[in-house]
Amino acid sequence: MNVAPLLIISGLGLVIAMVGGRAAPRLWLAATLLGMGSALGAAVRVLLGAGDWDWRGNMVLGGERLHFRLDSISALFVALLGVVGGLATVYSREYWGDRAHPRSARSGRVWWSALLAAIGLVLISSNGLHFLIAWEIFAVASYFLITLDRQQSEARAAGWLYLGVSHAATLCLFAYFAILAAHTGSWDLGPMRGQTQLAPLFWLALAAFGTKAGLFPLHIWLPSAHASAPSHVSALMSGVTIKLGIYGLVRFTGWLPVPAEAGWVVASLGVASAVLGVAFALGQHDLKRLLAYHSVENIGIILIGFGFALIAREHGNAAWGWIALAGGLLHVWNHGLFKSLLFLGAGSVLHATHTREMSRLGGLWRHMPWTAGLFALGAAAISGLPPLNGFVSEWLVYLGLFGAVGSRGNPALVAVAATVLLAATGALALACFVKACGVVFLGAPRTPAAERARESGPLMRTPMLVLAVACLMIGLMPGLFWPAVARAASAWNPAWGALGAPPSLGILGACNAVLAVAAVTAVFLLWRRTRQTGVRRALTWDCGYAAPTARMQYTAGSFAGIITDWFAWILRPQRQGRRPVETFPARADFEEEMPETVLECLFVPAGKATLKAADGARRLQHGRVQAYLLYVVAGLMVLGGLALWGGAP
């Protein structure tokens, strides 16, 4: 079984979406689900040990023969594409249907099919040129999906930023593959671990794939793109597409040598992404932007595990590096599941209330109990709480760090710092999602839109329910998913061989199962007692106010105000307001806005300086031949002086 059906059926879905017709949406849905199902089946077969799939065709594209490969590493990501891509497709039929979006629903289906097919091609391409072609199609399709609602200026701006940053990453990739082809004499890709002269290429790969993954500080495109895109697109982008950056790093560091300091750099960037990603999330008032910054945080957690795997390989293939890598790879899957669940839940809220502003919501659990419950489960999973999947993968990363702490030398010192900061990240993530769930779903409705909200339909609820069940299954039965992750880790570094699962993994699953049973039993007993005795309702403490209103509740800003002050040095919150100064003030207001600090304070000034320098250089082109000759003579004199200086004893 191979992935050819994925490409064929995805192409069929693309044709159906382009042709149109009354039956086209249903046919497109069926074809897309069939393609995602075939991808999932092929990937699971490889992950269960059926052997790799390697195919070389006779068809030539760009002067190169097609070469596809599906091994344990690519299969892990293809399986994630099959699950999240299929569920998000079902969700989109109700969320972005033809009746509500007659102008963009059809084009959305076209670009959605193109995106799924391009992601699949990226994951199985074993030729640098074809990898680049698929990568560019994937970037362009993502741009058109981000800007699907082109009437919104915010969406257009987010799309242009995404496209510009994506093309910068593509230039780095083009340089990477071109230099690689020049050294090897072929665009074909495969293991080249013995060619140590290729190690410096790692930095190009880190820049390109780190940008796609949303690694801090290369994440500047991610918050606006994920917030402005339709929610099913946000779910796929956060759950799958940013993982292509992780895939690229894992794939090519497994095939090619890397510099000795690569692991230290990756682990440090991972720690920075985890801590600062959650810090920026705490400062957000927009629900989808908050989730977007948590993608930066979780990419950091993945890279902590991956970075320590690189360090372990550099220090004699220590076993703790294998555990850290397995934790990072499992977190790729776990993050794909719970973050897709959270974005689909946010989409359900947006679909019902038409706002992403958390301080304009509240009390939604009464009107949207399914969305509230499933979002809360996703929030617990992303916060690393047992008995859910996020706890399992983070525990494996911790085990790898604990092993590094027990070793000697620099890895132990760095692992101690990483462990402390990873624990702090988990605590901050929990605080952030207590804020999100409390402000959005609890309390009283703050606006009429929140008061009128109604639960989403079955096509939106079902994908969320499936993702929630998957989060629970991995938490309760981690040993069932261990062989797939172990095969991928062994494929990355064959020197580790087939190491068994850590003993604590089985104990962890048993403890999670006991905890889950206890939680269900407690909820059942509480429900039963409530049914028997009834519920007595009364006003909550109103702080002495005789007539409390919804405006007296915590807002998204006030809830996290103390914590965001800790990170004010990088968040740089912009605050303005009018304080009450009279006994009975007629008016008082306060407004807080969190800017995109890295973009506005680093990249925008650098871009303006570059444009200014380019504008100054353009003035040198005035058409005077004698001046051009002077430039040539001056350049030759400078080069001659440098040559003499360099050759001096």
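Readers should treat all values here as calculations from the given coordinates under stated rules, not as data from a laboratory. Quantities reported herein were computed from a predicted structural model and do not represent experimental measurements. A quick note on method: Cβ atoms are made from the backbone with ideal geometry, for glycine too, and the neighbour counts reach across all protein chains shown.
With bins 20 Å wide beginning at 0, the percent of Cα pairs of the chain falling in each bin runs 18, 50, 26, 6, 0. Rg/Rh for the range 252-344 stands at 1.06; both radii use Cα atoms, and Rh follows the Kirkwood definition. Computed as a quarter of the hull surface, the mean projected area of the alpha carbon convex hull for the range 438-481 stands at 4.6 nm². Considering only L123, A404, I304, the residue lying farthest towards the positive end of the dipole of the chain is L123, judged by Cα position with unit charges set on Cβ.
Starting from the Cα gyration tensor of the range 89-177, multiply each eigenvalue by 5, take the square root, and state the resulting semi-axes largest first in whole Å.
Ellipsoid semi-axes (Å, largest first): 27, 17, 7.
Close Lys pairs in the chain (alpha-carbon distance under 24 Å; sequence gap of 8 or more, or different chains): 9. Size of the range 28-79 from its Cα atoms: along the principal axes, largest to smallest, the extents are 33, 32, 15 Å. Database remark: amide H of F216 closer than 5 angstrom to the amide H of S273 (H placed geometrically; neighbours at sequence offset of 5 or more, or on other chains; Pro and chain starts carry no H).
Considering only alpha-carbon pairs that sit under 8 angstrom and 6 or more positions apart, the relative contact order computed for the range 19-96 is 38 percent. Altogether, the Stokes-Einstein calculation at 25 °C and 0.890 mPa s, with the Kirkwood radius of the range 118-272 over Cα pairs as Rh, returns a diffusion coefficient of 153 µm²/s. Using the Kirkwood formula over every pair of different C-alpha atoms, what hydrodynamic radius in Å results for the range 311-438? It is 16.2 Å.
Most tightly packed first, judged by the mean number of other beta-carbon atoms within 10 Å of their residues, the peptides 253-260, 603-610 read 253-260, 603-610. Only alpha carbons enter this Debye calculation for the range 196-246, each as an equal point scatterer, and the log10 of I(q)/I(0) it gives at q = 0.13, 0.17, 0.21, 0.31 Å⁻¹ is -0.36, -0.54, -0.72, -1.13.
If you scale each eigenvalue of the Cα gyration tensor by 5 and take the root, what three semi-axes come out for the range 225-293, rounded to whole angstrom and sorted largest first? Don't jump to the answer; show the numbers that get you there.
Working: eigenvalues 158, 60, 6 Å².
That gives 28, 17, 5 Å for the three semi-axes.
3J(HN,Hα) along the range 583-596: 5, 10, x, 6, 7, 8, 8, 8, 9, 10, 9, 9, x, 7 Hz, from the Karplus curve 6.51 cos²θ - 1.76 cosθ + 1.60 with θ = phi - 60°, whole Hz, x for Gly and Pro.
According to the Cα-based calculation, Rg over Rh for the range 573-649 is 1.48, with Rh computed by the Kirkwood formula.
Pairwise inverse Cα distances across the range 318-369, averaged and inverted, put the Kirkwood hydrodynamic radius at 13.5 Å. Averaging 1/r over each pair of different alpha-carbon atoms in the range 371-505 and inverting the result gives 17.7 Å, the Kirkwood hydrodynamic radius. Close amide H contacts of D188 (hydrogens built in the peptide plane, cut-off under 5 Å, sequence separation of 5 or more or a different chain): G128.
For the range 71-116, the spread of Cα coordinates along the three principal axes comes to 42, 17, 6 Å, biggest extent given first.
Hey, any idea what Rg/Rh is for the range 518-630, computing Rh the Kirkwood way over Cα pairs? Don't jump to the answer; show the numbers that get you there.
Numbers: Rg = 29.7 Å, Rh = 21.7 Å.
For the range 518-630, the value is 1.37.
Projecting the Cα positions of A205, T170, A181 onto the charge dipole of the range 102-260 (unit charges on Cβ atoms of Lys, Arg, Asp and Glu, taken about the Cα centre) puts T170 furthest along the positive direction.
With the convex hull drawn around the C-alpha atoms of the range 431-534, the volume per residue stands at 199 Å³. Percent of C-alpha pairs per 5 Å bin in the range 37-138, short distances first: 2, 12, 19, 19, 17, 13, 9, 6, 2, 0. Towards the positive end of the charge dipole of the chain, with charges on Cβ (+1 Lys, Arg; -1 Asp, Glu), say which of A24, H219, L374 has the farthest Cα. Farthest towards the positive end: A24. Note: relative contact order over the chain, using C-alpha pairs below 8 Å and six or more positions apart, is 12 percent. Note on the range 47-103: Cα Rg divided by 2.2 N^0.38 Å, N the number of residues, gives 1.73.
Share of Cα-Cα pairs in the range 379-456 beyond 16 Å, in percent? Result for the distance tail: 63 percent. Against the empirical curve 2.2 N^0.38 Å, the C-alpha radius of gyration of the range 141-227 lands at a ratio of 1.35. Listed values for the range 345-358 are Karplus-derived 3J(HN,Hα) couplings in whole Hz (6.51 cos²θ - 1.76 cosθ + 1.60, θ = phi - 60°), namely x, 4, x, 4, 5, 5, 4, 8, 10, 6, 8, 9, 6, 4, and x replaces Gly and Pro.
Summing +1 for each Lys or Arg and -1 for each Asp or Glu among the other residues whose beta-carbon sits under 14 angstrom from that of R156 gives -1.
Restriction of the trypsin sites (Lys or Arg not before Pro) in the range 391-493 to DSSP coil positions whose beta-carbon has at most 16 other beta-carbons within 10 angstrom yields R408, R452, R454.
With +1 on each Lys and Arg Cβ and -1 on each Asp and Glu Cβ, how big is the dipole of the chain about its Cα centre, in debye rounded to the nearest 20? Could you put the intermediate results ahead of the total?
Working: 47 positive and 28 negative charges, 280 e Å.
Dipole about the Cα centre, nearest 20: 1340 debye.
Whole-Hz Karplus values for the range 432-449 come out as 5, 7, 4, 4, 4, 5, x, 6, 7, 9, 9, x, 10, x, 8, 9, x, 4 Hz, taken residue by residue from phi with 6.51 cos²θ - 1.76 cosθ + 1.60 and θ = phi - 60°; glycine and proline positions read x.
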